[in-house]
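Colleague: The structure is given below, and queries will be raised subsequently.
Quick note: the coordinates plus some simple rules give every number you see, no bench work behind them. Keep in mind it's a predicted model, so treat the numbers as computed, not measured. With ideal geometry, Cβ positions are generated from the backbone for all residues, glycine too; neighbour counts draw on all protein chains shown.
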Amino acid sequence: MIPQSAFEIFNRFQIEFETESDRGCAVLTLCVLEEQLVRSMKKRLPDIAKKDAAQLYNFAPKGALSKSTVNAYLLGILTADELKNFSLLIKIRNEFAHKALSNLRFTNDLIKNFTRHIKVGPTFPKSANDGRVKFLIAAADLYFNMESVGASKLEYKKNSAWETLMIPVSEVDQ
């Protein structure tokens, strides 16, 4: 079950991005998804003592969102299709972020090529040509799917599964 707070956060997200430029929408949407990804990882990983909390960033290193999404996939937080969509959203964000002076829009052929490959539910009209809407629908799907990740928390291993015993060998046996 998705908590009401997740819907409230997403509602703020939606209102905020309605007036945002295409560039702002792409860049800031991924910031929101990255925060959600970290929260989902925290729900899935074993409880970490506050003094060791920085260890979470081995799974979700800052500035390495692509690696974090692969780790989330390996932890069972993202499906294979969600990982592909997340990767496409990251590529779109990177195009907007790294071509700051190029006046990119979701209507640009390069961006349209990425949005064409985003998978969304069957209710999205196949004839729809609005890359920004498709981008935001995919982001919403990712956000809520990560939010709904079950709390089947991994546990720390308490004891070693194997122990090598050294059997003393007498000098006579050698």
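Colleague: Any idea how far apart residue 73 and residue 148 come out in nm if each label point goes 7 Å out from Cα toward Cβ?
Modeller: 2.1
Colleague: Kindly write out, for segment 108-122 in residue order, the coupling ³J(HN,Hα) from the Karplus curve 6.51 cos²θ - 1.76 cosθ + 1.60 (θ = phi - 60°), rounded to whole Hz, with x marking Gly and Pro.
Modeller: So the Karplus estimates, Gly and Pro as x, are 5, 4, 4, 5, 4, 5, 5, 5, 4, 8, 5, 9, 10, x, x Hz.
Colleague: Using only DSSP helix segments of four residues or longer, with each worth -39500 (n - 2.57), what per-residue ellipticity at 222 nm results for the chain after dividing by its residue count and rounding to 500? Kindly include the intermediate steps, with their values, before the conclusion.
Modeller: Numbers: 6 runs with 92 residues, N = 174.
Value at 222 nm, helices only: -17500 deg cm²/dmol.
Colleague: Rank 10, 71, 96 by how far each Cα sits towards the positive end of the charge dipole of segment 4-147 (+1 on Lys, Arg Cβ; -1 on Asp, Glu Cβ) and give me just the farthest.
Modeller: Of the options given, the answer is 71.
Colleague: Another one. Say the cut-off is 21 Å between C-alpha atoms; which of 84/153; 84/112; 91/153; 42/62; 91/119 go over it?
Modeller: Working: 84/153 24 Å; 84/112 16 Å; 91/153 30 Å; 42/62 15 Å; 91/119 15 Å.
Violating the 21 Å limit, Cα to Cα: 84/153; 91/153.
Colleague: Here's another thing I want to ask about it. Apply the Karplus parameterisation 6.51 cos²θ - 1.76 cosθ + 1.60, with θ equal to phi minus 60°, to every residue of segment 86-102 and state each ³J(HN,Hα) to the nearest whole Hz, in sequence, with x for glycine and proline.
Modeller: Karplus-based 3J(HN,Hα) across segment 86-102 equals 4, 4, 5, 5, 5, 4, 5, 4, 5, 4, 5, 6, 9, 10, 4, 9, 9 Hz.
Colleague: For segment 66-75, what does the Karplus curve 6.51 cos²θ - 1.76 cosθ + 1.60, with θ = phi - 60°, yield as ³J(HN,Hα) per residue in whole Hz, taken in order and with x for Gly and Pro?
Modeller: 4, 5, 4, 5, 5, 4, 5, 4, 5, 7
Colleague: Please compute the modelled spin-label separation between residue 16 and residue 164, points set 7 Å along Cα→Cβ, answer in nm with one decimal.
Modeller: Output for this residue pair reads 5.3 nm.
Colleague: For segment 5-108, what does the relative contact order come out to in percent, with C-alpha contacts under 8 Å and a separation of six or more?
Modeller: About 35 percent, as a whole number.
Colleague: Net charge within 12 Å of residue 149 by Cβ-Cβ distance, Lys/Arg positive one each and Asp/Glu negative one each, not counting residue 149 itself?
Modeller: That works out to +3.
Colleague: Rank the residues 130, 52 as a footprinting-exposure proxy: fewest other Cβ atoms within 10 Å of their Cβ go first.
Modeller: Fewest-to-most ranking of 130, 52: 52, 130.
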